[in-house]
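Take a look at the structure set out below.
The values are calculated or read from the model by the stated rules, or taken from the named source; none is laboratory data. Keep in mind it's a predicted model, so treat the numbers as computed, not measured. Here the Cβ positions follow ideal geometry from the backbone for every residue, glycine too, while neighbour counts run over all protein chains shown.
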Amino acid sequence: MRSNRTRFLSVGVAACAAAALAAGCSSSGGGSSPAGGKGPIVIGTSLSLTGDFSVDGQAFDKGYNLWVSQVNKTGGILGRQVKLDILNDNSSPTQVVTNYQKLITVDRVDLTFGPFSTLLTAPASATAHRYGYAFVEGAGGGGLVFAQKLNNVFDVSLPVVNELDPFTAWLKTLPASQRPSSAAYPMADDPFAMPQVQRTQGILQPLGIKTAYSKVFPEEESAYKAPADDVAASGAQMVVLGSADVPTVSAFMTAFEQQHFNPKIFVAAAGPDQGASFTSAVGTANANGMMVPDAWYPGSLNALSQAMVRDYVAKYGGSPSGINADVAEAYSVGEVVDQAVTHNKSLDNTKLISYLHSGVTLQSVQGPVRFNSLGENLVATAFIFQWQNGKFVQVLPKGAPGSTAIVYPKPHWAS
Amino acid sequence: MARQIYQAIVDGILGGGVYALMAVGLTLIFGVLDIINIAQGILVVVGAYLSYALSVHLHVDLFLGLLVTVPAMFVIGVVIHLAFIRPLRGRERTSMSLLACYAVAIIAEGVLYWIFGPGYVTLKASYINSSVRVFGFFLPYIYLYGFALAVALVVLLYGLLYRTKFGRSVRATMQDQTAARLIGINVNRVAALTFGIGVAVTAAGGMVYGATSGGFNPNSGYDLISRLLAIIILGGLGSIGGALAAAVFMITLESVVDIWSPNWAILVFYAALVIVLTFRPVGLFGRQAVRAQ
């Protein structure tokens, strides 16, 4: 009896010690599975498959899955297949925290990928930081994320505050007589949309472009018509809309048309970049002349991007022009992590963080990636795109490879 | 500035009609069943998707399509009542109905995601983007038609409630369910039909919502429900005319404040509700007043 109890106790103590050791290992430097393991590398992420960001979340889902299928076709990473562990956060900044806690502490994923939007990336990256995980993401380029000054955040995309820089640079090159004389800056209350529009206003005002309207409106579908009518009433020659999605741009376009208001320039922070989602909402003809900043488009000359576009169409169908730019942002996350893990020959998150901070330049479908101490991509290139007769084309920077002539002034509404 | 204010008032009145279309079903259901149908927002979106499906696949005009979508939504309403609301019994019925309606919303959202996916869609017709100039103001046709439809539906519902035998049964049920049973009214049947009518009316609200929003997807209903609840509370729970009056009042107020600050406009929307309820707790046309009619 006594010997049985002793044996039971010793087994229990050994089990506890093993569990404590395992917990200790996993809490320092993230993922627990060794680089030489044979099972799949599990990458955890939280995506907005439902809720306000569901269009973007599902595009991210496609981007991540496309990258996984491509990387597995070529033998995986470090000879191991890659598997995604995706949880749905319903576009909620609180649920996204719960999800990453589960991914890290319960599912014990090896690596983490970021969610969609600055709003969700900020709390999610803080959670990953607590557990020592590298947090490579593609859609958290707002100041809210970098203001946390976390060493584990790496945004592979363009910092959002600089997105409209090629646009302001182009306006500066125009003779004063050709520049629009007034501008309206309606902005959704969103950490992605506001910074770039405010920066644009700050640059254009000193150029003599009078501010006819500058207000922040709530990001609620029901609240768009009134500010849109006010912008139309202002008679501004140029509209720089701080939008975060398609319905915002679509509502403003409809209201402008109803009010017989057609600005010479209409650029939106987001929405027109969403391929078929945008044109099906506003009509291909009405999209003519609409501009949007981004770091990627389906016609990019980047060889990695062209391969991704081919693989996307093969896997999901559709046409290249219908590919959402979010797909490229997600795909780039996978590419950057792949290169970092392969270089380190290790899944150790501490080593990954050090490597990504080392100043190394990596390649992605969006172009080169090099991080500063805050995790911003220093070498990302900003482009301005425009819808021209049903095609989404790069127009700025003027003279850059792939840029075509900008349509200015914007054609009149088609319907 | 005066011109902007006039434009905001016109926008508010017309926009109020759109919200009234979405809210009358909600207030009717509350009036008869004492149920806050928090699935109303998603039901508006279901109505919008039905119009979308008819318009895209069968090329049926949006207003003409109501001849199909209204009966379809009536059937959906009756089924929801039979499956989720009617089985609820006892003192906890009202509070449990909140959970039941929430379940309906989740299920409806899931079904819409499954059928239509997460992408935004819009309703298209020549009268959505065009407008008529009246006294120097551009009035969008879709808002004019939507407002006319709202007034017509309110009149129709009043006629149904106050000029028909079924309406008398409904009003009797609103006043006292037990007494209504005692005089031979089939309260369960009245409840199911009323729920069906409330949801059927929402088909019209859904169509106009789909035509006036910048785009909708299965998740869009959640943005609507808080506003719709505020409107029917201000109008007086159970009052159909009150819903129209409150919708016009609140959207106009919001539209005018929006000229100075779009962010404050939303706050003023809800602040108006608090202020009115402080002085008139039953709302503009409160239920006691409605039931006494």
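Results, tabulated for the structure shown:
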quantity	calculated
Flag for B:Y127 being in contact with a strand residue (DSSP E or B) (Cβ under 9 Å, 6 or more places away or on another chain), within 14 Å of another protein chain (Cβ to nearest Cβ) and closer than 23 Å to B:Q40 by Cβ	no
Criterion (more than 8 Å from every other protein chain (Cβ to nearest Cβ), closer than 20 Å to B:T212 by Cα and either within 25 Å of the chain's Cα centre (by Cα) or not hydroxyl-bearing (S, T, Y) (or both)) met by exactly one of A:F261, A:F266	A:F261
Subset of segment B:231-241 (residues that are within 17 Å of B:T202 (Cβ to Cβ) and either modelled with pLDDT of 90 or more or part of a helix (DSSP H, G or I) (or both))	B:I231, B:I232, B:G235, B:I240
Test result for B:R171, loosely packed, with under 15 Cβ neighbours inside 10 Å, more than 21 Å from B:V45 (Cα to Cα) and charged (D, E, K, R)	no
Criterion (outside any helix (DSSP H, G or I), aliphatic (A, V, I, L, M) and surrounded by 15 or more Cβ atoms within 10 Å (Cβ to Cβ)) met by exactly one of B:L123, B:L153	B:L123
Cross-chain or 6+ apart pairs with Cβ under 8 Å, segment B:261-283 first and within 15 Å of B:A243 (Cα to Cα), then at pLDDT 85 or above and of a type in the set (K, R)	B:F269/B:R227
Boolean, A:G390 is within 21 Å of A:G271 (Cβ to Cβ) and either aliphatic (A, V, I, L, M) or at pLDDT below 95 (or both)	yes
Answer from B:I76, B:I29, B:I36 - the residue that is part of a helix (DSSP H, G or I), more than 11 Å from the chain's Cα centre (by Cα) and hydrophobic (A, V, I, L, M, F, W, C)	B:I76
Selection status of B:L224, modelled with pLDDT under 90 and under 18 Å from B:Y49 (Cα atoms)	yes
Looking only at segment A:351-369, and only at residues there that are within 16 Å of A:Y331 (Cα to Cα) and without any contact (Cβ under 8 Å) to a residue 40 or more places away in the chain, the one that is farthest from the chain's Cα centre (by Cα)	A:L362
Filter pass, A:V71 being at pLDDT 95 or above, part of a helix (DSSP H, G or I), touching a strand residue (DSSP E or B) at 6+ places or on another chain (Cβ under 7 Å) and buried (at least 19 other Cβ atoms within 10 Å of the Cβ)	no
Selection status of A:S125, at pLDDT below 95 and not aromatic (F, W, Y)	no
Filter result for the condition that a residue is more than 14 Å from chain A (Cβ to nearest Cβ) and among the β-branched types (V, I, T), over B:V60, B:V45, B:V18, B:V10	B:V60
Selected residue [under 21 Å from A:Q366 (Cα atoms), of a type in the set (A, V, I, L, M, F, W, C) and in a strand (DSSP E or B)] from A:V145, A:V136, A:V161	A:V136
Residue list for segment B:220-232, filter: surrounded by fewer than 24 Cβ atoms within 10 Å (Cβ to Cβ), touching a residue at least 40 places away in the same chain (Cβ under 8 Å) and either within 12 Å of chain A (Cβ to nearest Cβ) or more than 12 Å from the chain's Cα centre (by Cα) (or both)	B:Y222, B:D223, B:I225, B:R227, B:A230
Qualifying positions in segment A:240-258 - farther than 20 Å from A:F392 by Cβ and more than 7 Å from every other protein chain (Cβ to nearest Cβ)	A:G242, A:A255, A:F256
Filter result for A:G318 (closer than 19 Å to A:G275 by Cβ, outside any helix (DSSP H, G or I), in contact (Cβ under 8 Å) with a residue 24 or more places away in the chain and in contact with a helix residue (DSSP H, G or I) (Cβ under 9 Å, 6 or more places away or on another chain))	yes
Unmet criterion (only one of (1) free of Cβ contacts under 8 Å to residues at least 60 places away in the same chain; (2) among the small types (G, A, S); (3) surrounded by 16 or more Cβ atoms within 10 Å (Cβ to Cβ)) for B:A192	(1)
A:V360 buried (at least 17 other Cβ atoms within 10 Å of the Cβ) and modelled with pLDDT of 95 or more	no
Failed item in (1) free of Cβ contacts under 8 Å to residues at least 12 places away in the same chain; (2) surrounded by 17 or more Cβ atoms within 10 Å (Cβ to Cβ); (3) among the small types (G, A, S), with B:G214 passing the rest	(1)
The listed residue being more than 14 Å from every other protein chain (Cβ to nearest Cβ), assigned to a helix (DSSP H, G or I) and of a type in the set (G, A, S), out of B:A211, B:A272	B:A272
Yes/no for A:S243 being among the hydroxyl-bearing types (S, T, Y), buried (at least 24 other Cβ atoms within 10 Å of the Cβ) and touching a strand residue (DSSP E or B) at 6+ places or on another chain (Cβ under 6 Å)	yes
Segment B:59-104 - residue that is among the hydroxyl-bearing types (S, T, Y) and over 30 Å from B:Y127 (Cβ atoms) and, of those, surrounded by the most Cβ atoms within 10 Å (Cβ to Cβ)	B:S97
Meets criteria (within 14 Å of chain A (Cβ to nearest Cβ), more than 29 Å from B:E109 (Cβ to Cβ) and not hydrophobic (A, V, I, L, M, F, W, C)) for B:G136	yes
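Conditions (1) within 30 Å of A:A226 (Cα to Cα); (2) modelled with pLDDT under 90, marked per residue:
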| position | (1), (2) |
| --- | --- |
| B:L149 | yes, no |
| B:V155 | yes, no |
| B:Y158 | no, yes |
| B:G196 | no, no |
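Rundown of residues vs (1) touching a residue at least 24 places away in the same chain (Cβ under 8 Å); (2) within 14 Å of another protein chain (Cβ to nearest Cβ); (3) acidic (D, E); (4) touching a Cys at 6+ places or on another chain (Cβ under 8 Å), yes/no style:
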| site | (1), (2), (3), (4) |
| --- | --- |
| A:L158 | yes, no, no, no |
| A:D165 | yes, no, yes, no |
| A:L174 | no, no, no, no |
| A:M187 | yes, yes, no, no |
| A:P195 | yes, no, no, no |
| A:Q201 | yes, no, no, no |
| A:E219 | yes, yes, yes, no |
| A:K225 | yes, yes, no, no |
